[in-house]
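Here's the structure, in structure tokens; my notes come after.
The values are calculated or read from the model by the stated rules, or taken from the named source; none is laboratory data. Note that the structure is a prediction, hence the values are computed from the model and not measured. Glycine also receives a Cβ, built like all others from the backbone with ideal geometry; neighbour counts cover every protein chain displayed.
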Amino acid sequence: MSHREPILNRFAGKVAIVTGGSAGIGRATVEELCREGASVTFTGLESDQGAETERELTDAGWNALFLHGDMAEEAFSARIVEETASRFKRVDYLVNNAFSFNSKGLDATTEDWHRVFDVGPITYARLGTLAAEEMKKVGKGAIVNLSSISAFIAQPHRWTYNTAKGAVHILTKCMALDLAPYQIRVNSVSPGWIWTREVLRAAHGNREKWDPIWGQFHMLERCGDPVEVAAAILFLLSDDASFVTATDLPVDGGYQGLGSEGIGRNSRFAGTD
């Protein structure tokens, strides 16, 4: 866990919900929010990991609450909001981060499609609606949905995941429009290749080897760190982004702006295994 001193204190007295907050981008977001003064409820599927994260955060003197559950279960969304409001007395922010990395193509079953949408845009919409009711009591709020570069491009064997992330992209705009009268802003971030658990697993834990190889797809020639995405999320939640809504912020090292000529520039990596 990071022990950096906060540079800013933008979230003192505020309360945030972060789904999938036990690891990766979610964990980094929880830590950064706590460092800047927020009280945070976070969720996760793995009870032991979540409980340990909660202990580390509270031992550091921060206000954190872990709730174990499956985001596909409708009742769990209501529980998250209810327990957050009960414990911390308000809800100011929501980060919809938990998502099913159920990436299938031609072999996708109906169950695969249901899972990626249930633990994805459907839950984002459901939890956003519930959290917005608490934000209305405060008089304003902010929601950030985790989208992806996969929302904008075709990738092999990614029908389910990319389609669901594409749904998040347009859902964000629709949420922003309907919640604007309540001074609730809704934006999304679209990470590129980030060193999360899934990417590390694909690299067999060898970041040193694979960072330059996968970095060829990014203008900055490396993959990103979770805290770099968290920084963008905190910006969009904060009053620094008070006139920003219905917007997607790519945190992708230039991935979306890089064409085939850029890949050719790094062709020395071609064929590396």
The lone condition residue 108 fails out of (1) among the hydrophobic types (A, V, I, L, M, F, W, C); (2) closer than 21 Å to residue 123 by Cα; (3) surrounded by 22 or more Cβ atoms within 10 Å (Cβ to Cβ) is (3)
Residues of region 133-150 being touching a residue at least 40 places away in the same chain (Cβ under 8 Å), under 25 Å from residue 114 (Cβ atoms) and in a helix (DSSP H, G or I), in sequence order, are 149
Being surrounded by fewer than 20 Cβ atoms within 10 Å (Cβ to Cβ) and either under 17 Å from residue 185 (Cα atoms) or among the polar types (S, T, N, Q) (or both) is the filter here; which residues of region 117-129 pass it? 125, 126, 129
Determine, yes or no, whether residue 244 is surrounded by 13 or more Cβ atoms within 10 Å (Cβ to Cβ), at pLDDT 95 or above and part of a helix (DSSP H, G or I). no
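Determine which member of the set 188, 238 is crowded, with 19+ Cβ neighbours inside 10 Å, of a type in the set (Ser, Thr, Tyr), closer than 26 Å to residue 8 by Cβ and in contact with a Leu (Cβ under 9 Å, 6 or more places away or on another chain). Talk me through it step by step, then tell me what you get.
Numbers: 238 fails: crowded, with 19+ Cβ neighbours inside 10 Å.
One residue alone meets the criteria, 188.
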Of (1) farther than 27 Å from residue 245 by Cα; (2) in a helix (DSSP H, G or I), residue 108 satisfies every one except (2)
What number of residues within region 211-241 are assigned to a helix (DSSP H, G or I) and either farther than 19 Å from residue 196 by Cβ or of a type outside the set (Gly, Ala, Ser) (or both)? 16
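Give me the residue from region 81-105 that is in a loop (DSSP other than H, G, I, E, B) and charged (D, E, K, R) and, out of that set, surrounded by the most Cβ atoms within 10 Å (Cβ to Cβ). Before you say what the answer is, go through the steps one by one.
Filtering region 81-105 for residues in a loop (DSSP other than H, G, I, E, B) gives 89-92, 97-105.
Next, from what is left, pick out any that are charged (D, E, K, R): 89-90, 92, 104.
Working: 89: 11, 90: 15, 92: 23, 104: 17.
Step by step, filter region 81-105, then rank; the result is 92.
Which one of these is part of a loop (DSSP other than H, G, I, E, B), surrounded by fewer than 17 Cβ atoms within 10 Å (Cβ to Cβ) and either in contact (Cβ under 8 Å) with a residue 24 or more places away in the chain or not acidic (Asp, Glu) (or both): 157, 114?
Numbers: 114 fails: part of a loop (DSSP other than H, G, I, E, B).
Just a single option satisfies the conditions, and that option is 157.
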Tally of residues being farther than 24 Å from residue 119 by Cβ and touching a Leu at 6+ places or on another chain (Cβ under 8 Å) across region 15-38: 2
Taking residue 172 as meeting all but one of (1) assigned to a helix (DSSP H, G or I); (2) of a type outside the set (Asp, Glu); (3) modelled with pLDDT under 95, write down the number of the exception. (3)
